[in-house]
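The values are calculated or read from the model by the stated rules, or taken from the named source; none is laboratory data. The shown structure was predicted, so the numbers you read here are calculated from the model rather than taken from an experiment. Neighbour counts run over all protein chains shown; Cβ positions are idealised from the backbone, glycine included.
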Amino acid sequence: MNQFRAIYAAVILQIRQSRGRNFDIFRYFLPVPGAILFAWIARQSTDPAVATYVLVGVPLMSISTAMMFGVGSTLSNEVRGGTLEFALISRTSMLTMLISKSVAQVITSLTTALISLVTVFIVAHQFLTVAYIGLLPVSLLLAVISIMVVSLFFSPYLLLIRGGSGIFSSYAPFVTILSGFLFPISTLPRVLYVIARILPNSWVMDAVWQSIQGKVSAWHIAGTWGISSVVMAAWFILFYFMVKLVEKKIRVTGVIGTY
Amino acid sequence: MKKFTIQAWLTYKALLYWYSLYALTGDFLNVFGRPAIQVIIFALLGKFAMGKQGAQILALGFSVQLMQGTLISGLNNSYSSEIWDKTLSFLYISPVNRFVNFISRSVFHFPAALLSLIAGLFTAWVIVGMNFGMVNWLGFITSILIIAAAITGFAQMLGVYALAFRENQSVLGLAGGLLGLMTGCIIPISVFPAPIQELAKLLPITNGLFAVKATFTGAPLSDVYGYLFREAATGVVYLLISFGVFLYIEQWSKRTGALDVTA
């Protein structure tokens with residue numbers, strides 16, 4: 001019961017922190033200009049599958065960017081706010097706290113994702129053309145989970161490299177390219193393609209592209225889901241060990257400022 | 001001149017936090033890495049949706065647009081850091097020439113913006129094989145320099161806005177997005193309704209971009225004088241407005257005893 005209370009509290013806290021001190025309506029519309037540009041480019045294509053892929057990918061990219069900033073800077077914000085020590089001595093594990101906050105971040109980023117989605121549909125003047133309409137929602141759900149896992153990784157990572165949240169301005173475009181949110185990663189040059197395969201997002205977006213195109217069997221798509229789940233699990237295990245490393249560093253050195 | 005150079009250097013170094021290896025890495029990523037990655041996104045998306053020719057057009061437009069990101073974020077820092085680092089009061093009590101101080105803030109961001117453009121064009125050449133064979137270099141470089149100067153005027157205006165409002169990131173982001181959207185970098189302004197087209201021509205980049213695109217395909221400089229004159233005039237108007245507001249904010253602060261509107 002206490003775990004549920006802690007999860008609920010962490011979710012509410014993160015939602016409030018994301019909202020900021022002052023209500024700022026402009027930030028919900030920040031992705032709009034970019035969404036219009038991407039939708040316009042998608043509209044130039046004569047292939048409806050290409051346009052559909054971009055229309056679906058733009059909101060995912062918007063969620064990914066918001067998640068990287070929101071979840072990725074969670075631990076660093078705890079340090080800056082002087083609350084990391086309390087998080088450590090609390091009976092709630094740091095892992096539970098971080099996962100709860102990432103769920104909250106998904107909830108808050110849905111608003112901007114929805115605004116992006118509406119924008120791209122208005123500009124593109126097009127409905128989705130999907131071969132496997134039943135498989136696409138599963139692929140999209142996996143995409144959101146994959147984005148969560150990648151964002152979680154950045155939280156201990158940012159703390160361990162002593163980076164500021166501004167570093168995400170440089171990382172976010174890399175993640176967008178390597179994830180294949182706007183174009184299948186097969187479009188990438190070979191070197192980037194190989195690097196992209198390390199990210200679970202690239203596998204999930206493959207499943208999204210296959211669901212839209214319908215050129216492979218449903219079993220093949222299920223196989224892609226399987227591979228992406230394995231890669232996600234590997235990232236989660238890496239995240240787990242990095243959180244443990246952060247905990248160990250704090251408990252052993254006793255000085256947060258040492259890393 | 002010596003004082004001006006020192007002032008320009010200090011505003012760049014101190015107000016952009018360029019004093020550590022980590023920050024230097026961040027600056028390198030900001031000037032070279034981020035533009036390159038953004039061009040890759042647009043070039044590959046263009047290739048995916050419009051073919052190789054479309055990718056080259058998008059990459060050229062977007063490379064020009066990259067300059068606004070570097071200038072707006074850099075100049076915004078040079079003003080907002082005055083607030084956050086509590087140095088604005090010292091500026092207000094000093095006898096320094098305000099116009100010199102105002103102009104010196106952009107001196108090092110200007111070449112940084114040009115480096116972003118070069119990073120973008122180089123990336124486009126590597127990724128989509130951008131063809132530079134027909135470029136009229138004199139016209140092209142002149143157009144780029146005038147556009148960069150016009151964006152500087154616009155970025156100064158947004159920077160001064162940061163003096164008045166601490167929480168300005170969303171407005172800056174939207175203003176940058178607006179420049180990317182309405183200046184013809186990606187979407188040709190001819191697709192917009194006539195009144196919007198006229199509004200777009202009041203923004204920096206729009207007029208100069210006609211000159212950039214023409215000279216990129218070999219047009220002589222004399223063909224684009226009109227566009228370049230209008231681009232330069234746009235920049236001067238923004239610069240004068242910004243300086244006026246800069247002076248007004250100082251007077252307002254001294255009169256009310258507050259450093260910004262939200263204080």
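Please enumerate the residues belonging to segment A:74-121 that are more than 29 Å from A:PRO31 (Cα to Cα), of a type in the set (D, E, K, R) and either at pLDDT 75 or above or outside any helix (DSSP H, G or I) (or both).
If the condition is that a residue be more than 29 Å from A:PRO31 (Cα to Cα), of a type in the set (D, E, K, R) and either at pLDDT 75 or above or outside any helix (DSSP H, G or I) (or both), then A:ARG91 is the only one that fits.
Could you check segment B:181-198 and list, in sequence order, the residues that are in contact (Cβ under 8 Å) with a residue 24 or more places away in the chain, facing another protein chain (nearest Cβ under 9 Å) and either surrounded by fewer than 22 Cβ atoms within 10 Å (Cβ to Cβ) or over 14 Å from the mean Cα position of the chain (by Cα) (or both)?
Once the filter is applied, which keeps residues that are in contact (Cβ under 8 Å) with a residue 24 or more places away in the chain, facing another protein chain (nearest Cβ under 9 Å) and either surrounded by fewer than 22 Cβ atoms within 10 Å (Cβ to Cβ) or over 14 Å from the mean Cα position of the chain (by Cα) (or both), segment B:181-198 yields B:MET182, B:ILE186.
List the pairs whose first member sits in segment A:40-63 and is within 8 Å of another protein chain (Cβ to nearest Cβ), whose second member is buried (at least 24 other Cβ atoms within 10 Å of the Cβ) and outside any helix (DSSP H, G or I), and whose Cβ atoms are under 7 Å apart, counting only residues at least 6 apart or on separate chains?
Correct list of pairs: A:VAL54/A:LEU182.
With A:ILE212, A:ILE161 as the choices, which residue is within 14 Å of chain B (Cβ to nearest Cβ) and more than 29 Å from B:ILE127 (Cα to Cα)?
A:ILE161
From B:THR70, B:THR142, B:THR123, which residue is under 19 Å from B:PRO204 (Cα atoms), touching a helix residue (DSSP H, G or I) at 6+ places or on another chain (Cβ under 7 Å), in contact (Cβ under 8 Å) with a residue 40 or more places away in the chain and within 13 Å of chain A (Cβ to nearest Cβ)?
Only one candidate passes the filter, namely B:THR70.
Within segment B:96-111, take every residue that is out of contact with any helix residue (DSSP H, G or I) (no Cβ under 7 Å at 6 or more places or on another chain) and part of a helix (DSSP H, G or I) and give me the one that is surrounded by the most Cβ atoms within 10 Å (Cβ to Cβ).
B:ILE103
Would you point out which residue out of B:ALA164, B:ALA148, B:ALA211 is at negative phi and surrounded by fewer than 22 Cβ atoms within 10 Å (Cβ to Cβ)?
Testing whether each residue is at negative phi and surrounded by fewer than 22 Cβ atoms within 10 Å (Cβ to Cβ) leaves just B:ALA164.
Only one of these is on the phi > 0 side of the Ramachandran plot and either out of contact with any helix residue (DSSP H, G or I) (no Cβ under 8 Å at 6 or more places or on another chain) or facing chain B (nearest Cβ under 8 Å) (or both): A:GLY82, A:GLY34. Name it.
That would be A:GLY82, the only listed residue that is on the phi > 0 side of the Ramachandran plot and either out of contact with any helix residue (DSSP H, G or I) (no Cβ under 8 Å at 6 or more places or on another chain) or facing chain B (nearest Cβ under 8 Å) (or both).
Within segment B:18-35, can one find any residue that is modelled with pLDDT of 80 or more and surrounded by 14 or more Cβ atoms within 10 Å (Cβ to Cβ)?
yes
Can you find, within segment A:192-217, the residue that is modelled with the highest pLDDT among those that are among the hydroxyl-bearing types (Ser, Thr, Tyr) and within 13 Å of A:ILE177 (Cβ to Cβ)?
A:SER202
Do we have A:PHE127 as surrounded by fewer than 17 Cβ atoms within 10 Å (Cβ to Cβ), touching a residue at least 12 places away in the same chain (Cβ under 8 Å) and among the aromatic types (Phe, Trp, Tyr) here?
No, not satisfied.
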